[in-house]
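*Asks:* Right, I'll just put the structure down here and ask away after.
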Amino acid sequence: MTTEQSASGSPRPDAAGNADTAGNADAAGKADAAGKADAAGITGRTEAEASGTAGKTDTAGKTGKDAAEAGATIGTGAMADAAGKADAAMAGTTGKKEAETRASDKTDATGKAGAAGTAGAEGAGGDGGKAATGKAENGSGKAEDGKPDRWEAFASAPEPVPSRLGRATRAVGRLLVHEWTLASLASLALAVLLTWPTLRYPRHTLPQDYWDPSLQAWQMAWSGHILLTNPAQLWQSNTFFPEPWSFAFSDTLLGYAPAGMLGTGPEAAVLRYNIMFVLAHALATLGAYALARQLGAGRIGSAVAGVSFAYAPWLLAQAGHLHVISNGGIPLALAMLARGHGWSLRHGYRPERRHDGWVYAGWLVAAWQLSLGFGIGLPFAYFLAGTVLVAAVTWFLRRWVVRPVKRPFGRRLFIADLVGGLLFAGVGALLAIPFFTVAEAHPNAKRSIGDIAIYSPPASGFFTAPAESRVWGGLHEGARALLPWHPEMTLLPGFVLYALAAGGLFFSVWKLRHRLLLLAGVVVTMVLAMGTRFFDGTFTYVPLFEYLPGWNGLRTPGRLMLWTTLLLGLLAAGAVSAFATRVREISAERIPSWPSPWLRLATLLPLVLVIGEGLNSTPHPVVPPQPAAMRTVDGPLLVLPSNQSLDQPVMLWSTTRFQDVVNGGSGFTPRQLDDVRRVTLSFPDQVSVDYLRVLGVRNVLLMRDHIAGTPWEITVDAPVDGLGITREEIGDVVVYRL
């Protein structure tokens, strides 16, 4: 018996209910009956064997009913066994189907013929004859004798309910493959590779040199130490004794104070510096990536913006200035603020995407960035102030004047901006108080236009790479020789970045007016970075220097190249994103729609080239080891010889006990320290001893390995009788106790 059913679940008029039973009597008196039923892709077979006479059963299924009849003839010792199966799956049909099985003729004592059917509309099951080994199925789908239904194997498996561990595993898996997790991990890995060998010997070497990095390693150690022991004395550091407010003699990296709370001593300070140096590069990459993504760039384009911002060739010359390298908070804060306001460069203002939580986070990150130093934080503060002013005026004009259309902003968003802006301004004001106090007490700390002119780069500096660039350093040696002060005048952001940004002016995901605004920002920031070199700065840098509070404390205009690099990166991100979009469109037109390997590699080529230009050859000198005397001698003390370069390692050595030391290095030299260095050239003599006693100095350490070519080379072994002081040797250091 064969039953066929169409894919839609409706029986075909010709074959749905057609059953043939053919019987042939052989010599042994056996009969074979074969029937096939096919309903919704399920085939059943019914076979009847009987000895004797064969019976025929015809089932007409034009009305949608399935029937199976089996007959058995009378014979001695003959047995008829017939089983009929019919499964009518009526999914997707509107009519009601009914399957009935009728038993006819006679069955012997041991077997019956039956057919069970399931009707989806009317009944739970049909009546049928009992088979020899089973019972008829009921409407619940289970056999009456408790045995599992043999048709359950064809049913869809139920969705398993995950356990608590399974749910946690899935959540962790989704987190690990999230875009921002991958971006963060990639930024960290790239930072380790592109700053190598910073982490090769992180407790003994420092990038670039051991002068300014020693100073900044001490700054982190001091802020962490004093905030744990006596926060009220934060600005009264243990260096430059007995000068007050000495912690404000240079940018403080105060935002890294939590890291300074871990570990003690010079080795811990050097390790901490190297770790933060690598993390600063990672944050810069991630921050610029986040900003480009928020503005509407694609992933590869945003990666180009992030890498070019963190590893621009000109920044390799700043490897010894952690406060310049630590710039990632700038683009990250801008990205958070833009996201919180529901604004992007590509899509404009979308009120439904507003979220005040991101606004709070953006202002907090901005305040943290400002706490790292005013060298790059002050221009950032003025940029934020200008952006807020322009945004407020634009919103007012569009709301009430030009196009009187209601543009929702939201009370919560306004409160978030108000609270966040006040927090940022409060942090800036509190940090500025010590610096203004120092400026008043030390007039020589103030910069002049003449000082700015010394560090103002010419236009050729924008195409000259520093010596630390592995790709361009050797090729640009002659160009660097023409620059008056090449460490601050080699400002090449990368030739690849220039090319990508230029292409972004003509082919980009940004609108034309946005491209022109980015170009204008590039030109303005480059002009400001030239300081007084652009028509003497009369209408550019000089007005900022004279009228903006705090701007006269900035010594090196070339560091404004940071903003030029960021804007060039955004232009490049627009071009690369447009190119990647075009590649996807081409691949969609292909049959099959899959890009070729060459197209895939082409989208990654700009990123690879930008990474290549960021390769460094930065030296990593070994830090001078701490003299044993610095671990045992109390302060206040003076270490001789004393100068800007030697005093910065002395500051690092003092991190074991933080005893008061007269030595110190910063952006300027206090007059008192200058007097100490001049008077002590004849030490030990009565004049210098009396002068140091008046200052409160109790011990003087004279380092033998640094006195070659100095007056102390002759007087180091001179007798001290009659001076009222004692002399002893501790390693290579001569200790004079006053």
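*Asks:* Going by amide H atoms built from the backbone, whose H comes under 5 Å of the H on Thr205, apart from near neighbours?
*Replies:* Under 5 Å from the amide H of Thr205 lie the amide H atoms of Val623, each far enough along the sequence or on another chain.
*Asks:* How long is the gain from Lys446 to Thr181 if the chain were fully straight, where each residue apart is worth 0.36 nm and the alpha carbon distance is subtracted?
*Replies:* 90.9 nm
*Asks:* I need the phi-derived Karplus couplings for the stretch 165-175: 6.51 cos²θ - 1.76 cosθ + 1.60, θ = phi - 60°, integer Hz, Gly and Pro marked x.
*Replies:* Rounded to whole hertz, the list is 5, x, 5, 5, 5, 5, 5, 5, x, 5, 5.
*Asks:* Karplus couplings for the stretch 583-589 from phi (6.51 cos²θ - 1.76 cosθ + 1.60, θ = phi - 60°), rounded to Hz, Gly and Pro as x?
*Replies:* 4, 5, 5, 5, 5, 5, 7
*Asks:* Provide Trp395, Trp222 ordered by accessible surface of protein heavy atoms (probe 1.4 Å), highest first.
*Replies:* Largest accessible area first, the list is Trp395, Trp222.
*Asks:* Ranked from highest to lowest mean number of other Cβ atoms within 10 Å per residue, what is the order of the peptides 618-631, 232-245, 370-383, 562-575?
*Replies:* Details: 618-631: 17.2, 232-245: 18.7, 370-383: 21.1, 562-575: 27.6.
Output ranking for 618-631, 232-245, 370-383, 562-575: 562-575, 370-383, 232-245, 618-631.
*Asks:* As a test of reading the structure, rank Phe436, Phe683, Phe668 by solvent-accessible area (1.4 Å probe, protein chains only), most first.
*Replies:* Largest to smallest exposure gives the sequence Phe436, Phe668, Phe683.
*Asks:* Based on the Kirkwood radius over alpha-carbon pairs, what is the Stokes-Einstein translational diffusion coefficient of the stretch 396-500 at 25 °C with 0.890 mPa s viscosity, in µm²/s? All intermediate terms of the calculation are to be shown ahead of the outcome.
*Replies:* Values: Rh = 19.1 Å.
For these conditions, the coefficient is 129 µm²/s.
*Asks:* Moving on. Calculate, in whole percent, how much of the Cα-Cα pair population of the stretch 232-293 lies beyond 13 Å. Intermediate values should be presented prior to the final figure.
*Replies:* On the way: 1376 of 1891 pairs.
Cα-Cα pairs of the stretch 232-293 separated by over 13 Å account for 73 percent.
*Asks:* Sort 308-316, 463-471 for me by packing, meaning the mean count of neighbouring Cβ atoms within 10 Å per residue, highest on top.
*Replies:* 308-316, 463-471
*Asks:* Can you give the FRET efficiency for Val393 and Ile433, using 1/(1 + (r/R0)^6), R0 = 25 Å, r = Cβ-Cβ distance, to the nearest 0.05? Please list the in-between numbers first.
*Replies:* Numbers: r = 31 Å, r/R0 = 1.23.
The pair Val393/Ile433 has a calculated efficiency of 0.25.
*Asks:* Suppose R0 equals 51 Å; then what is the FRET efficiency for Val523 and Val720 from their Cβ-Cβ distance, rounded to the nearest 0.05?
*Replies:* 0.20
*Asks:* Can I ask one more? If one computes the Cα centroid of the stretch 646-682 and of the stretch 284-345, what distance in Å separates the two points?
*Replies:* 37
The values are calculated or read from the model by the stated rules, or taken from the named source; none is laboratory data. These figures come from a predicted structure and were not determined experimentally. No Cβ is skipped: glycine too gets one built from the backbone with ideal geometry, and neighbour counts run over all protein chains shown. Side chains are part of the model used for accessible areas, which takes the heavy atoms of the whole protein and leaves out ligands, DNA and RNA. Shrake-Rupley method; radii C 1.70, N 1.55, O 1.52, S 1.80 Å.
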